[in-house]
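No value in this document is a laboratory result; all are computed from the given coordinates. What you see is a predicted model, and the numbers here were worked out from it, not measured in a lab. Note that we place each Cβ from the backbone using ideal geometry, even for glycine, and neighbour counts take in every protein chain shown.
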Amino acid sequence: MKTERGQEIQEDKGISRRSFLTGAAVVGAGLAGTGLAGCTSPNGGASKITEEATDQVVTHNPSEIIECDVVVVGSGTAGMCAATRAAELGAKVVCLEKESGLGGTSAVAEGLCGIGSKFQAQLGIEVDPKRVFNRAMDYHHWAASGAVTHTFINECGKTIDWLMDNGIVFATVEALGISEKVWHLPLGAEGPTNIGIGVLQPLTAIAKEKGVEFHLSTPATELIIENGVVTGVYAKPADGDEIQINASVVLLASGGYANNAEMFEEYTGRKHDIFHVWGMPGRDGDGIAMGLSANAATHFPGTVMFHSGRLGETTAFSEMPNFIMAFQPNLRVNETAERYFNEAIAADFSAVANTLISQAANYTIIDDDYLTLMDTVACFNPMPNLGAFPGQPCPGARTGIEESEYVIKADTIEALADKLGLDPVALTATVERYNELCEAGNDEDYYKDPMYLQPVKTAPFYGAKIQPTLFTTVGGLRVNGDMAVVDSSGVPIPGLYAAGGDAAGLYGANYDVNVASGSQQGWAATSGRLAMEHALQS
């Protein structure tokens, strides 16, 4: 897809338009030349990635030298907001994108967190920033950076206002789970749309008009560091020779390391191949590796934005089968057909993912009454991009489930168990116990709120296996309130900034969707904007 100025951007055809890297190679050329001496793993001691890189020496003979004020590595929400804002401030900007289209995984994200925006005021929505700050810090057990969190909460609404001033239109403001109502969803031709269409396409046109120079299929490979000062980057176009880009400001916004199996397993301590990774390829940790080469510190680098799971080979996390079977608080059982947690946490991505990976396998069970409830009355957890709003029916729920090849249907619980590969006697006992709790209105086993206690008793019955999933990584290089990358002493590294998935400080060990829905995309936009304002105006 192209904007009216001809700039490529990811098409809105769902995540299935590309095959994803669930075990991508190590950062590639970007890691090979970083010289990561002195870096440590999150558990202390030398990083395996560091050890593999330190023996490699890279010589440079660039075919071209480009001079600019700002070089932005990555073109997702963070990179695009940074590039656009820097150009607004009069800077000459070069934006590098390693993939063949702009936007990355941000192109298929839904909305951005904003607190105190003009649009919220128009809708009569009031959000207390003090409450959000305390909720967020409590959620993270005060492991998030107080300075960074304070800055984000005070500035993310201003970012929404800045986007609106640049012509971005929002459809609504919603919340997931028990989040504050801060999730700003962009407006498309037929209602809420994704960030790619609603935000990145218009920003791309603005950036081009203001002179931002985009280089597609051109990954940054190494920082240029002179006497401790970052002065630019080397980059390697897919169809050409190495280029050198000199700049007084370098912003790392390459989107984290969700596709890099080795980095993921080192930082998180979890096997990468048990997860399905939603999103575009290319998130290989390039920015984080380059930051480490400049002796940057990290902040909870193993923090991941998980999700509630997927069914079979579904290709988009927001497909109806996933939404009904994995995102609602219905009965779940493990590999022994036993219920094992309070399903009301289904909307809390981090909590449910931690639960899923504690079991060998996970299954979701509903009956026909539950499906009727979703289809004609209301779902418990909304998803506006599917037309599922709080307190309203979810149109297409029944059709989506009955037509899914990954949802098993049976007339009895025993037959359902057989088809799912579970012990029929054990599953029958679990369902009978669950129904007793539902009828009593008192979950004595896991204390689920009575409103979610919907019995499983009306045939046909539906079941599916759930795979743990993740969207992206959200831990990375430590930044201060100005989005400057800092070293282990907290001292800013001259010339180096980070934003979005490469920058960390907003979270502790988990992603806080139940506090501030859309906080990572809001963080990407806000950190990109603020980094440029500090770098160019201070």
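Okay, here's what the table says:
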read-out: Sparsely packed GluC sites (Glu not before Pro) within segment 427-477, loop by DSSP, other Cβ within 10 Å at most 16; value: Glu444
read-out: Whole-Å distance, taken between Cα centres, linking segment 396-426 and segment 322-356; value: 16
read-out: Kirkwood Rh, Cα atoms: Rg over Rh of segment 362-426; value: 1.04
read-out: Within the chain, helix-based [θ] at 222 nm, where runs of 4 or more DSSP H residues each add -39,500 (n - 2.57), nearest 500; value: -8500 deg cm²/dmol
read-out: Folded to 0 to 90 degrees: helix 77-88 orientation relative to the chain principal axis, Cα; value: 40
read-out: Rounded FRET efficiency, nearest 0.05, which uses the C-beta distance separating Phe389 from Asp449 and R0 of 25 Å; value: 0.80
read-out: Tilt relative to the chain, helix 146-165 - C-alpha long axis, 0 to 90 degrees, to 10; value: 90
read-out: Of all DSSP beta bridges in the chain, antiparallel share, percent nearest 5; value: 65
read-out: Ellipsoid equivalent to segment 83-151 - semi-axes via the Cα gyration tensor, in Å; value: 30, 18, 15
read-out: C-alpha long axis of helix 424-440 to longest principal axis of the chain, angle in °; value: 90
read-out: Packing-based order for 384-393, 505-514, 146-155, using average beta carbon neighbours within 10 Å, highest first; value: 505-514, 146-155, 384-393
read-out: Computed label-point distance, nm, for sites Glu209 and Asn61 using a 7 Å Cα→Cβ extension; value: 4.4
read-out: Principal semi-axes in Å for the chain [√(5λ), Cα gyration tensor, largest first]; value: 41, 25, 21
read-out: Residue pairs, from the table Lys158/Lys181; Lys130/Lys158; Lys236/Lys271; Lys98/Lys158; Lys419/Lys448; Lys92/Lys236, whose Cα atoms sit over 24 Å apart; value: Lys236/Lys271; Lys98/Lys158; Lys419/Lys448
read-out: Largest-first ellipsoid semi-axes for segment 309-470, taking √(5λ) over the Cα gyration tensor eigenvalues, angstrom; value: 21, 17, 17
